[in-house]
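> Structure in structure tokens, see below.
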């Protein structure tokens with residue numbers, strides 16, 4: 001009798017497939033593993049049953065030789081029906097109906113044992129030995145509940161059988177002592193073989209369970225290791241995020257302080273990129289810092305160029321303003337009386353000669369960007385500046401010996417600032433008026449030119465108007481295709497030489 005049990009490998013995977021993760025409890029759940037174990041056990045039990053039936057048939061033939069009245073023709077059909085039902089059980093098990101197949105097997109086997117008991121000596125005959133293996137089989141293929149139910153059912157049926165037999169209502173088929181001993185020996189052999197086979201099945205299932213438990217333990221260990229690695233990675237990632245956030249906060253604070261210094265006018269401020277590279281890991285933050293440095297440098301360069309252009313324009317504008325009209329001017333107030341100071345330029349310096357040394361020092365300090373209020377004894381000097389361009393200076397002197405107070409100095413500086421702004425406003429007004437007059441003159445010239453229909457009259461009108469507009473002593477105009485190649489060659493065309501005070505014929509300046 002073969003008792004080899006193939007353990008069910010629930011974690012085996014086919015080639016090319018991936019091993020299921022421990023989070024899925026292998027490829028099968030515990031219920032599926034239990035069903036697979038029951039199915040395998042039922043298959044082995046049906047094999048033992050076929051062997052037991054064959055052995056019982058052999059002993060039945062021997063018993064029929066020893067006792068002529070042995071009910072062989074009744075036993076053989078019953079065993080045949082039983083074999084057919086076992087085949088049906090195997091078919092249902094192959095279709096996946098393991099629970100129903102187990103129930104059919106247990107009920108069928110119990111009924112067959114009871115029926116054969118009637119023909120083979122009753123409840124105390126040799127067939128009663130088969131109830132022990134039946135209870136074990138019930139526990140194997142259906143669990144402890146089925147085993148308990150089978151045991152209770154066997155005890156109940158045995159009690160009913162004995163009661164019926166004692167009352168004479170049910171009389172089993174009698175066996176001769178020789179046949180009884182023969183069949184008892186056969187049933188002992190059958191029960192012993194089945195018990196050994198069932199023990200082998202139990203051992204196989206136990207090994208398979210231990211192997212599955214070992215595999216689950218390994219998977220659990222792998223899962224724990226993976227969880228530990230994941231937790232460590234998460235902790236490292238959290239620490240990295242916290243470090244990045246801290247670096248980001250520090251960088252933002254440093255960048256904000258840097259931009260605040262630039263906003264306050266500290267255009268020489270720069271970010272220390274070497275120190276940041278040793279402290280900051282994020283390449284994006286380092287790139288942002290470098291870009292801020294480049295942006296500030298570009299802005300400082302552009303502002304410097306714009307300031308130079310503005311200072312040049314402002315210097316030229318004030319030079320034209322002071323040299324035009326009434327020119328440079330100066331006044332002195334003493335004792336409530338105001339007198340005019342005649343200014344003249346020194347041949348070797350652009351500073352007006354009447355300026356006191358304190359006034360010159362104040363102007364120099366202002367151009368250097370330093371505090372430009374100069375105080376010496378009872379005298380002080382302040383520059384008059386328009387957007388950092390010195391356009392004049394003022395000095396004051398007191399003879400009472402009292403020092404200049406901070407309040408007086410602040411008041412004088414405020415007055416000088418206001419004076420510079422007002423002078424710039426007056427210059428702009430005068431410049432605007434001059435441009436308006438020039439536009440008006442150009443408009444008048446355009447109208448006059450438009451009224452001229454003769455070439456000579458147009459050219460005469462042009463030289464006269466240009467001389468008048470620019471206050472020139474003499475204006476000449478030549479009309480010819482190209483300039484002469486040699487000064488000895490005479491001009492060809494109209495030669496008009498007109499003094500600005502001479503109006504063309506038919507025209508008037510009034």
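> So, residue 84, is that one part of a helix (DSSP H, G or I) and either in contact with a helix residue (DSSP H, G or I) (Cβ under 9 Å, 6 or more places away or on another chain) or outside the structural domain of residue 44 (by TED's automatic domain parsing) (or both) or not?
Details: part of a helix (DSSP H, G or I): yes; either in contact with a helix residue (DSSP H, G or I) (Cβ under 9 Å, 6 or more places away or on another chain) or outside the structural domain of residue 44 (by TED's automatic domain parsing) (or both): no.
Here the answer is no, as residue 84 does not meet what is asked.
> Let me ask something additional. Go through the range 100-131 and count every residue that is touching a residue at least 60 places away in the same chain (Cβ under 8 Å) and in a helix (DSSP H, G or I). Write out each step before concluding.
From the range 100-131, those touching a residue at least 60 places away in the same chain (Cβ under 8 Å) are 102, 105, 109, 120-121, 126-127, 129-130; that's our starting set.
Subsequent filtering for residues that are in a helix (DSSP H, G or I) retains 102, 105, 109, 126-127, 129-130.
Total satisfying the criteria: 7.
> Any residue at all in the range 482-502 that is exposed (fewer than 13 other Cβ atoms within 10 Å of the Cβ) and at pLDDT 75 or above?
no
> Out of 407, 379, which single residue is under 60 Å from the mean Cα position of the chain (by Cα), over 27 Å from residue 430 (Cα atoms) and modelled with pLDDT of 80 or more? Break it down stepwise before answering.
Values: 379 fails: under 60 Å from the mean Cα position of the chain (by Cα).
Exactly one residue qualifies, and that residue is 407.
> If you don't mind, there's one more thing I want to ask. Please find, within the range 271-290, the residue that is modelled with the lowest pLDDT out of those that are surrounded by 15 or more Cβ atoms within 10 Å (Cβ to Cβ) and not in a helix (DSSP H, G or I).
280
> Taking the range 191-212 on its own, how many of its residues are within 60 Å of the chain's Cα centre (by Cα) and either outside any helix (DSSP H, G or I) or modelled with pLDDT under 80 (or both)?
Looking only at the range 191-212, we keep the residues that are within 60 Å of the chain's Cα centre (by Cα), and these are 201-212.
With the extra rule that they be either outside any helix (DSSP H, G or I) or modelled with pLDDT under 80 (or both), the set shrinks to 201-209, 212.
Qualifying residue count, the range 191-212: 10.
> Of the numbered conditions (1) assigned to a helix (DSSP H, G or I); (2) within 30 Å of residue 434 (Cα to Cα); (3) touching a helix residue (DSSP H, G or I) at 6+ places or on another chain (Cβ under 6 Å), residue 307 fails exactly one; give the number of that condition.
(3)
> Right, here's the next one. Taking only pairs six or more apart or across chains, which ones have beta-carbon atoms under 7 Å, a first residue in the range 392-406 that is under 27 Å from residue 367 (Cβ atoms) and not assigned by TED's automatic domain parsing to the domain that holds residue 416, and a second residue that is at pLDDT 85 or above and surrounded by 15 or more Cβ atoms within 10 Å (Cβ to Cβ)?
none
> Just to be sure before I move on: is residue 130 assigned by TED's automatic domain parsing to the domain that holds residue 67, at pLDDT below 75 and either under 18 Å from residue 195 (Cα atoms) or surrounded by 19 or more Cβ atoms within 10 Å (Cβ to Cβ) (or both) in the structure I sent? Full working, then the answer.
Working: assigned by TED's automatic domain parsing to the domain that holds residue 67: yes; at pLDDT below 75: no; either under 18 Å from residue 195 (Cα atoms) or surrounded by 19 or more Cβ atoms within 10 Å (Cβ to Cβ) (or both): yes.
Against the criterion (assigned by TED's automatic domain parsing to the domain that holds residue 67, at pLDDT below 75 and either under 18 Å from residue 195 (Cα atoms) or surrounded by 19 or more Cβ atoms within 10 Å (Cβ to Cβ) (or both)), residue 130 does not qualify.
> Name the pairs: first residue in the range 252-265 and surrounded by 11 or more Cβ atoms within 10 Å (Cβ to Cβ), second residue modelled with pLDDT of 80 or more, Cβ to Cβ under 7 Å, at least 6 apart or on different chains?
Listed by first residue and then by second, the contacts come to 262/296.
> Report every pair of residues separated by at least 6 positions or lying on different chains whose Cβ atoms are under 7 Å apart, first residue within the range 53-67 and assigned by TED's automatic domain parsing to the domain that holds residue 79, second assigned to a helix (DSSP H, G or I) and exposed (fewer than 13 other Cβ atoms within 10 Å of the Cβ).
Pairs found: 66/178.
> Could you tell me which numbered condition residue 463 fails, if it satisfies all but one of (1) under 30 Å from residue 315 (Cα atoms); (2) surrounded by 13 or more Cβ atoms within 10 Å (Cβ to Cβ); (3) in contact (Cβ under 8 Å) with a residue 12 or more places away in the chain?
(1)
> Against the definition (assigned to a helix (DSSP H, G or I), surrounded by fewer than 18 Cβ atoms within 10 Å (Cβ to Cβ) and touching a helix residue (DSSP H, G or I) at 6+ places or on another chain (Cβ under 7 Å)), how does residue 188 come out, yes or no? Give the steps one after another, and end with the answer.
Working: assigned to a helix (DSSP H, G or I): yes; surrounded by fewer than 18 Cβ atoms within 10 Å (Cβ to Cβ): yes; touching a helix residue (DSSP H, G or I) at 6+ places or on another chain (Cβ under 7 Å): yes.
Answer is yes for this residue.
> Based on what the data block shows, is residue 420 under 60 Å from the mean Cα position of the chain (by Cα) and under 18 Å from residue 319 (Cα atoms)? Let's see the steps before the verdict.
Details: under 60 Å from the mean Cα position of the chain (by Cα): yes; under 18 Å from residue 319 (Cα atoms): yes.
Here the answer is yes, as residue 420 does meet what is asked.
> Here's another thing I want to ask about it. For the condition part of a helix (DSSP H, G or I) and modelled with pLDDT of 80 or more, what is the one hit in 262, 300? Steps first, please.
On the way: 262 fails: modelled with pLDDT of 80 or more.
After ruling out the rest, the residue left standing is 300.
The values are calculated or read from the model by the stated rules, or taken from the named source; none is laboratory data. These figures come from a predicted structure and were not determined experimentally. Ideal geometry is used to build each Cβ from the backbone, glycine not excepted, and the neighbour counts take in all protein chains shown.
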